[in-house]
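The values are calculated or read from the model by the stated rules, or taken from the named source; none is laboratory data. Computed from a predicted structure; not experimentally measured. Reconstructed Cβ throughout: ideal geometry from the backbone, glycine too, with neighbour counts over all protein chains shown.
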Amino acid sequence: MLSCLTHESNLLCWRNGASMTIWVVLRNAPGLCPSGRGPRGWAGVLACALAILLPAAGPSYTKTADSTLLATRSYVARWLAALPDIVCQQTTERFTLNLRQMWRRDEISQAELTVEQGVERYRLLSVNGRPPSQAQSAAAHLQGSSGEFLSAVRRLFDPISQAEFQRRGSREEHGRKLCRYDFRILQANSQWYVGADPGYRPAYSGSIWVDLVDGGPARLDMKSRAFPSSIPIRMATMQTTFELAPINGEFRLLPSRSEVVVFANWGYAERRVIRYSNYRRFAAASRVLPAKPE
């Protein structure tokens, strides 16, 4: 039950049973002053308190898919099965958070990304315009987060993940009608690896935007704070955007950009912005030449 405990000229205290107390500061909001009359007096303050205490009701999470989500699952299965072996250029900008809480770019690297029979392989080509050292090449495979390319979408709809979904709304973007689903995956079913090899598989949640016409994914957001104290990571996020890309004259839906942010327990944070370009079919003679640094 919500009850008023005390109030002053600019401060009001509300309590929800014995579980939560809310102090509402009224100094800069005269329209909410309890002494005011009409709907912007006590009613306004009570509305603010209720908005904080009682979150808006919405559909619950479920493992039962609606027609749009079923179309997306079918699309992803057909999309990945029909995807040819491809090679592309991956440009990665790595940033760290400085003492002024601003992102500072530390390096830019070029890599060759090959997807052969659904397996992703990376080969570092250059770091800041120079050939990588052995240590840099090794480190490229041992840090960060897995799934920036296609793995994350595949794992989201993998029955092993047992993802639960909640439909949240729709919008139009670049001429496409998109529907948003929030999801969550328990740690026991997680296939998202975060941190240095072999990495930790946290429980995570996020959102996926899908095309209402054909079910194709448009954007995938993932976030986790579920790290044990033995893991030096406080939070990790990942976002991947999908667009149509030409491959030998044929357009296919593929990742265009990813962003991975990892926050460590001691205040260190790293952000990687990844862009994919120059898609083409993979063959034994296919090569990607490093682009000139910006």
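Residues checked against (1) modelled with pLDDT under 90; (2) loosely packed, with under 14 Cβ neighbours inside 10 Å; (3) not assigned by TED's automatic domain parsing to the domain that holds residue 219; (4) not acidic (Asp, Glu):
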site	(1), (2), (3), (4)
235	no, no, no, yes
240	no, no, no, yes
244	no, yes, no, yes
249	yes, yes, no, yes
253	no, no, no, yes
256	no, no, no, yes
260	no, no, no, yes
263	no, no, no, yes
276	no, no, no, yes
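Quick check on residue 149: is it hydrophobic (A, V, I, L, M, F, W, C) and modelled with pLDDT under 90? Here the answer is yes, as residue 149 does meet what is asked. Residue 161 passes every criterion in (1) at positive phi; (2) free of Cβ contacts under 8 Å to residues at least 60 places away in the same chain; (3) touching a helix residue (DSSP H, G or I) at 6+ places or on another chain (Cβ under 6 Å) apart from (1). Being of a type in the set (A, V, I, L, M) and farther than 29 Å from residue 186 by Cβ is the filter here, so list the residues in segment 204-254 that pass it. Within segment 204-254, 213, 244, 245, 247, 254 meet the criteria. Do the conditions hold for residue 184, that is, is it over 19 Å from residue 72 (Cβ atoms) and modelled with pLDDT of 90 or more? Against the criterion (over 19 Å from residue 72 (Cβ atoms) and modelled with pLDDT of 90 or more), residue 184 does not qualify.
All conditions but one from (1) more than 25 Å from residue 259 (Cβ to Cβ); (2) among the aliphatic types (A, V, I, L, M); (3) modelled with pLDDT of 90 or more; (4) in contact with a Lys or Arg (Cβ under 7 Å, 6 or more places away or on another chain) apply to residue 65; the one that does not is (3).
Among the residues making up segment 211-241, those that are under 13 Å from the mean Cα position of the chain (by Cα) and not basic (Lys, Arg) are 218, 220, 221, 222, 224, 235, 236, 237, 238, 239, 240, 241. A search for C-beta distances below 9 Å between a residue of segment 112-135 that is in a loop (DSSP other than H, G, I, E, B) and any residue that is modelled with pLDDT of 90 or more and among the polar types (S, T, N, Q), counting only pairs 6+ apart in sequence or on different chains, returns 128/109; 129/110; 132/109; 132/126. Per the listing 126, 137, 74, the residue uniquely among the polar types (S, T, N, Q) and modelled with pLDDT under 90 is 137. When residues in segment 221-255 are screened for being within 28 Å of residue 266 (Cα to Cα) and not aromatic (Phe, Trp, Tyr), 19 of them pass.
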